[in-house]
Amino acid sequence: MLYYMPLPEIDLDEAKVEIVRLKHLIEFNGTKENPVRGIHLQGLTFKHTARTFMENKEQLLRSDWTMYQGGAIVFNGAEECSVENCEFDHLGGNTIFVNNYNRYLTVRGCYIHHSGANGIVFVGDPDMVRSPLFRYGNQNYETMDMTPGPLGDNYPQDCWVDDCLITMTGRDEKQTAPVQISMSQRIRVSHCSIYDVPRAGININEGTFGGHIIEFCDVFNTVLETGDHGSFNSWGRDRFWTPDVVTISDQVALHPDMQYWDVLEPNVLRYNRWRCDHGWDVDLDDGSSFYRIYCNLLLNGGLKMREGYDRVATNNIILNNSLHPHVWVRNSDDVFKHNIVFTAYQPAVMNSALGESDRWGKELDYNLFATGQAAMRKFAAHGADAHSVSADPLFVNPGQGDFRVRPESPAFKIGFRNFDMTDFGVKSEKLKKLARTPDIPEIVLQIQDEVSAEYTWLGAVLKEVKGEELSAYGAKFSQASMALDRVPAESEAYKLGLRSGDLLLSFGGKEISTAASFKQLLEEYAGKSGKLLVMRNQKEMVVKLAAFRGEMQPVER
C-alpha cells in the first residue's frame, strides 16, 4: 500500500496522479551500415523516467563500475544527430546514453539535473578491445593479444558535449559521473559547468581509445558521497597495466610501445577550473597514460599522477597544494614544468620500482614554489627542480579568482604564461544565470619548510602515512599506518619478506597506526613470534615473523 499525504492546497478530487513506468523516452537505433542520421532535438523538456539502479549490470573494463545500457535518450548507431537547448529533469537513470557505433553527435546548451544515475554516457563495445579484462587484478601477459589498436569501430567517436550545465546527478547510483567515457575515441567536452555530485564530475574509465579533449569546464563540489577520487578522474587499466608497478616496468621495458597499444592519441585537459574538497582536483589513477595537461586552475586538491606513462603537465596553477606522484614506473617520461605550486610534492610509494635516488620522470623542473626553498629542494636527489624558483607569484586579484600573474612576477622566469580566468563553464546567457561557481580559496603563502619524519627499522626506512596518501596503498583514508618507504635488498627487513611500499597494518591482531603505536608494539612483543599484516599491491597479505624485534630510530636530517 502506498499512502500519500497531500499538501493543504491540493484537492485530490481534482488532482492528476501519475506514476513512472518508462525507462527510455526516445531511442535512435541504427547500424554502421544504416545509421540514424540528421535528427535534431531542440528546446524540449524530458522528465520522469523509471529508476534503473537494480538493472545496472554491464561490467566496464578493469573497474568496479557497472552500467545500465540505456537512458532517457539512447543513441545506438547514429550519425550527425544533436540534442540542443533541452532540459532533463528528475530522470530515474542515465540521462543520455551513447552506445556503441555513433559518430558526430552533439549535446549542446542542455540543463541536466537530478538524474538517478549518469549524465551523458559514451560507452563502446567491449568486443572491440583486444584482450579485455573485466576485473581489477593481474594481467596475463603470456596470452595477451599484442596487436595495437581496437578490433573494430563499434564505439562512439568524434562526439561533442558543449555548453551544458550538469548538476545533482547520481541521486540513486553513486558510482556515476555527469560525463562518463568508456571505450570511446575523441570525445570533446567543452564549456560545461558540473557540480554537486557524489563522485567525479568527468570520468574517463580506461585508455581505450584516447584522443579526448576536456576544455573550458568548471567542475567543483564533487566526490560528496564517495572517496579516493577527484573532480576529474581517470583510470588507465589497459593491456600494459597490472597492480604491481615492478611488473609494469618490466613488461614495458620488453615492449617499449606497449603503453600506447590501447590509448592511441593523447587525452588533453586544458583551460579548466577544478576544485575537489574530498580528494584530488585532477586524479590520474591506476596507469592513466598519454595525457597533456596545461593551463588548468586547480583550486584545492592538487594533481595526482599514479603509475603511468607520458603525462605532460605544464603551465598549470595549483593553489595551496602540489603534484602528488604515486607509485611511478621506471622511465615513465612524465614531465611537470612551468607550473605554479604551493607546497612540496607529496609522493607515495615511489620506491617500489624506483631506487632511492632514481630520477623521477623525464623532467620535473622550472616550476615556481610559493612556500619556501625547502619545499622546492626536497626532492633534488630525484633530479627535480634544479632550475625552479621559490617566490611569491604576485597574482593579479586572487580574492576575486583572478590568478593571472602581474608583469613583474618571477613566474615568467620559469616559463609560465598567463591564461584567461573568465572563460570557465557554460557560455550561454540562459545557463549562466542558473549556474553556480566554486568558492575561491584564500591562498596560503606561509613558508612550509617542515619535512615528514622518517625512521629506520631492521635496515629499512619507514614513515607515517595518513589521509589521501593512503590511496597509493589501496587503503581507506581512515586507515593511518606506518609504511616501508625503502627496503634495501641487503636489509634484514627484506630477508624477512618485507618490501618497499608495504603498509604495516597490524601485528598479532593489534593495529599499527602511528610511529608511537609501532614503537609500543615493538617493546610489548619483543622476541615473540606472530603475524604481521601488510598491504602490498593493494592487497592484504601476512608476513610470518619468528621474532618481532628491532629498534625503531628516527632518521637524523
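The values are calculated or read from the model by the stated rules, or taken from the named source; none is laboratory data. Here the structure is a predicted model, which means the values were calculated and not measured. Cβ: placed from backbone, ideal geometry, glycine included. Neighbour counts: every protein chain shown. Each accessible area value is taken on the protein alone, full model and side chains, heavy atoms only, with ligands, DNA and RNA left out. Shrake-Rupley method; radii C 1.70, N 1.55, O 1.52, S 1.80 Å.
What to note about this one:
- In segment 26-67, of all residues being surrounded by 18 or more Cβ atoms within 10 Å (Cβ to Cβ) and either touching a Ser or Thr at 6+ places or on another chain (Cβ under 6 Å) or polar (S, T, N, Q) (or both), the one that is farthest from Asn140 (Cα to Cα) corresponds to Thr49.
- Among the residues making up segment 31-77, a single one is at pLDDT below 95 and among the β-branched types (Val, Ile, Thr): Thr66.
- Matching strands (runs of 3 or more DSSP E) fully within segment 76-122 where at least 1 residues are among the aromatic types (Phe, Trp, Tyr) and under 28 Å from Leu151 (Cα atoms): 96-103
- Residues that are among the aliphatic types (A, V, I, L, M), buried (at least 21 other Cβ atoms within 10 Å of the Cβ) and assigned to a loop (DSSP other than H, G, I, E, B) do occur in segment 419-428, at least one of them.
- Residue that is nearest to Ala384 (Cα to Cα), among those in segment 310-326 that are assigned to a loop (DSSP other than H, G, I, E, B) and open to solvent by less than 10 Å² (accessible area, probe 1.4 Å): Ser322
- From Ser491, Ser409, residue being closer than 30 Å to Asn272 by Cβ, among the small types (Gly, Ala, Ser) and more than 28 Å from the chain's Cα centre (by Cα): Ser409
- Considering the conditions (1) open to solvent by less than 70 Å² (accessible area, probe 1.4 Å); (2) of a type outside the set (A, V, I, L, M); (3) at pLDDT 95 or above; (4) farther than 23 Å from His326 by Cβ, Thr456 is excluded by exactly one of them, (3).
- Screening Ile443 against (1) at pLDDT 95 or above; (2) part of a loop (DSSP other than H, G, I, E, B); (3) hydrophobic (A, V, I, L, M, F, W, C) leaves a single unmet condition, (1).
- Residue in segment 292-309 that is open to solvent by 10 Å² or more (accessible area, probe 1.4 Å), aromatic (Phe, Trp, Tyr) and either assigned to a strand (DSSP E or B) or farther than 18 Å from Gly227 by Cα (or both) present: yes
- Count of segment 221-234 residues which are open to solvent by 10 Å² or more (accessible area, probe 1.4 Å), in contact (Cβ under 8 Å) with a residue 60 or more places away in the chain and on the phi < 0 side of the Ramachandran plot: 1
- Some residue of segment 504-525 being in contact with a helix residue (DSSP H, G or I) (Cβ under 8 Å, 6 or more places away or on another chain), of a type outside the set (Phe, Trp, Tyr) and open to solvent by 70 Å² or more (accessible area, probe 1.4 Å): yes
- Candidate set from segment 372-416 (those that are open to solvent by less than 30 Å² (accessible area, probe 1.4 Å) and among the β-branched types (Val, Ile, Thr)); member that is nearest to Gly355 (Cα to Cα): Ile414
- Residues that are hydrophobic (A, V, I, L, M, F, W, C) and either modelled with pLDDT under 95 or open to solvent by 20 Å² or more (accessible area, probe 1.4 Å) (or both) within segment 351-369 comprise Ala353, Leu354, listed in sequence order.
- The set of residues in segment 1-25 being open to solvent by 70 Å² or more (accessible area, probe 1.4 Å), touching a residue at least 24 places away in the same chain (Cβ under 8 Å) and not hydrophobic (A, V, I, L, M, F, W, C) consists of Glu18, Arg21, Lys23.
Okay, residues lined up against (1) in a loop (DSSP other than H, G, I, E, B); (2) farther than 22 Å from Thr314 by Cβ:
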| site | (1), (2) |
| --- | --- |
| Ser234 | no, no |
| Phe240 | yes, yes |
| Ser249 | no, yes |
| Gln259 | no, no |
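- Residue selection: Ala480 fails the criterion of being buried (at least 17 other Cβ atoms within 10 Å of the Cβ), closer than 25 Å to Gly137 by Cβ, of a type in the set (Gly, Ala, Ser) and at pLDDT below 90.
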